[in-house]
Amino acid sequence: MAPMFDKLALIGIGLIGASIALKARREGLARRIVAATRRQETADTANKLKLVDHCGTDLAAACEDADLVIVCTPVGACGEVAKIIAPKLKSGAILSEVGSVKQAVIRDMQPHVPAGVHFVPAHPIAGTEHSGPEAGFPELFEGRWAIVTPLPDGDGVAAEKVAEFWRRLGSMVEFMAPDWHDKVLGIVSHLPHLIAYTIVGTADDMAGERRSEVIKFAAGGFRDFTRIAASDPTMWRDVFLNNRDAVLEILGRFQEDLFYLQRAIRWGEGDKLFELFTRTRAIRRALIDMKQA
Ligand code: NAP
């Protein structure tokens with residue numbers, strides 16, 4: 001198949017940027033793929049791993065003549081990055097990003113987007129607890145969802161091109177409004193991460209012997225939480241600071257549900273526990289049926 005773009009530029013080349021680079025190269029989605037990152041050390045690693053044709057540290061220079069620019073930095077850096085690269089974005093280019101939060105990223109990036117540049121935010125629902133360029137692998141997006149959140153007054157053709165790019169990276173694509181994206185992801189991703197960070201933090205706060213026993217006997221439940229709680233601290237700090245309203249809303253709901261369970265346990269109401277655990281088991285089965293487990 002013919003390349004979709006002449007030049008693809010990735011700003012940030014960690015887990016997500018590197019995975020896009022590897023898969024886009026494998027699928028021949030762009031004739032040239034370049035990247036730029038903040039630190040020379042990361043650029044050196046990206047070049048050593050041959051993730052892209054060239055990776056440097058001049059963010060703006062990398063975007064020169066690019067037809068598609070994807071910002072793959074932590075959410076909190078997106079606005080500053082947009083400001084830096086804006087002067088080099090060519091007219092007609094598509095500017096996209098992969099942040100786990102949409103409304104705040106749009107708020108921070110949009111004011112810098114030059115007229116004639118099509119801004120199409122997107123978010124691949126795929127990741128691991130690893131970060132950095134060595135963590136990337138081309139199969140990351142295969143069979144996973146990618147959510148495209150076009151702006152209401154944005155260019156429909158550009159949005160469809162971004163959607164097609166993600167399909168060719170192996171994803172299934174869904175279009176969504178940015179505020180709805182933030183609410184949905186608040187439940188399915190941000191809240192679980194917050195819970196995992198809390199549980200592992202609680203265990204870590206335990207004193208002496210009890211703490212070492214927790215680590216020693218970490219079985220299924222706790223072990224699974226430690227994987228999630230090993231996720232990148234910068235990325236997740238930015239997610240919570242930038243999806244504050246949706247996270248606080250769902251956290252309020254969650255606390256009520258937790259009190260309900262606390263009460264059921266206190267009063268020996270096994271039927272309430274059994275009813276909930278049966279419902280939640282069905283959700284896991286539905287996920288397996290949808291090949292999303
Ligand atoms: P990562 O592995 O930590 O990589 C981040 C990249 O951004 C690095 O190249 C880093 O550069 C660069 N960067 C950081 N701050 C920067 C700044 N101020 N200016 C320029 N470059 C900067 O992160 P990731 O997991 O790929 O995540 C990237 C984005 O994807 C985040 O917005 C995240 O919300 C989103 N996302 C992540 C996942 C996931 O599970 N990881 C899933 C979906 C979406 P240096 O190394 O040079 O400092």
Q) Quick check, is LYS7 under 26 Å from PRO178 (Cβ atoms), away from the ligand (no atom under 12 Å from the Cβ), touching an Asp or Glu at 6+ places or on another chain (Cβ under 8 Å) and open to solvent by 10 Å² or more (accessible area, probe 1.4 Å)? A) no
Q: Could you please let me know if HIS130 is of a type outside the set (Lys, Arg) and assigned to a loop (DSSP other than H, G, I, E, B)?
A: yes
Q) When you look at LEU261, is it within 30 Å of ASP179 (Cβ to Cβ), surrounded by 10 or more Cβ atoms within 10 Å (Cβ to Cβ) and either within 16 Å of the ligand (Cβ to nearest atom) or modelled with pLDDT of 90 or more (or both), yes or no? A) yes
Q: Among the residues of region 87-107, write down those that are among the aliphatic types (A, V, I, L, M) and within 14 Å of the ligand (Cβ to nearest atom).
A: VAL98, VAL101, ALA104, VAL105, ILE106
Q.
I need the full set of residues from region 26-50 which are within 13 Å of the ligand (Cβ to nearest atom) and within 29 Å of VAL157 (Cβ to Cβ), in order please.
A. ALA35, ALA36
Q. Taking region 129-148, which residues are open to solvent by less than 50 Å² (accessible area, probe 1.4 Å) and either among the polar types (S, T, N, Q) or within 26 Å of TRP180 (Cβ to Cβ) (or both)?
A. LEU140, PHE141, GLY143, ALA146, ILE147, VAL148
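Results for (1) without any contact (Cβ under 8 Å) to a residue 40 or more places away in the chain; (2) open to solvent by 90 Å² or more (accessible area, probe 1.4 Å); (3) part of a helix (DSSP H, G or I), shown as yes or no for each residue.
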position	(1), (2), (3)
ILE265	yes, yes, yes
GLY268	yes, no, no
LEU276	yes, no, yes
THR280	yes, no, yes
Q: Collect the residues in region 62-88 that are within 21 Å of the chain's Cα centre (by Cα) and either in a loop (DSSP other than H, G, I, E, B) or outside the structural domain of PRO133 (by TED's automatic domain parsing) (or both), keeping them in residue-number order.
A: CYS72, THR73, PRO74
Q) Which ones in region 97-117 are part of a helix (DSSP H, G or I), touching a Lys or Arg at 6+ places or on another chain (Cβ under 9 Å) and farther than 14 Å from GLY76 by Cβ? A) PRO111, HIS112
Q. Among the listed residues ALA43, ALA66, which satisfies the condition of being of a type outside the set (Lys, Arg) and surrounded by fewer than 23 Cβ atoms within 10 Å (Cβ to Cβ)?
A. ALA43
Q: State all residues of region 137-148 that are of a type outside the set (D, E, K, R) and either more than 9 Å from the ligand (Cβ to nearest atom) or in contact with a Gly (Cβ under 7 Å, 6 or more places away or on another chain) (or both); if no residue qualifies, say none.
A: PHE137, PRO138, PHE141, GLY143, TRP145, ALA146, ILE147, VAL148
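The values are calculated or read from the model by the stated rules, or taken from the named source; none is laboratory data. Since the structure is predicted, the reported quantities are computational estimates derived from the model, not experimental observations. As a convention, Cβ positions derive from the backbone with ideal geometry for all residues, glycine included, and neighbour counts pool all protein chains shown. Protein only, heavy atoms only, side chains kept; ligands, DNA and RNA dropped before computing areas. Shrake-Rupley method; radii C 1.70, N 1.55, O 1.52, S 1.80 Å.
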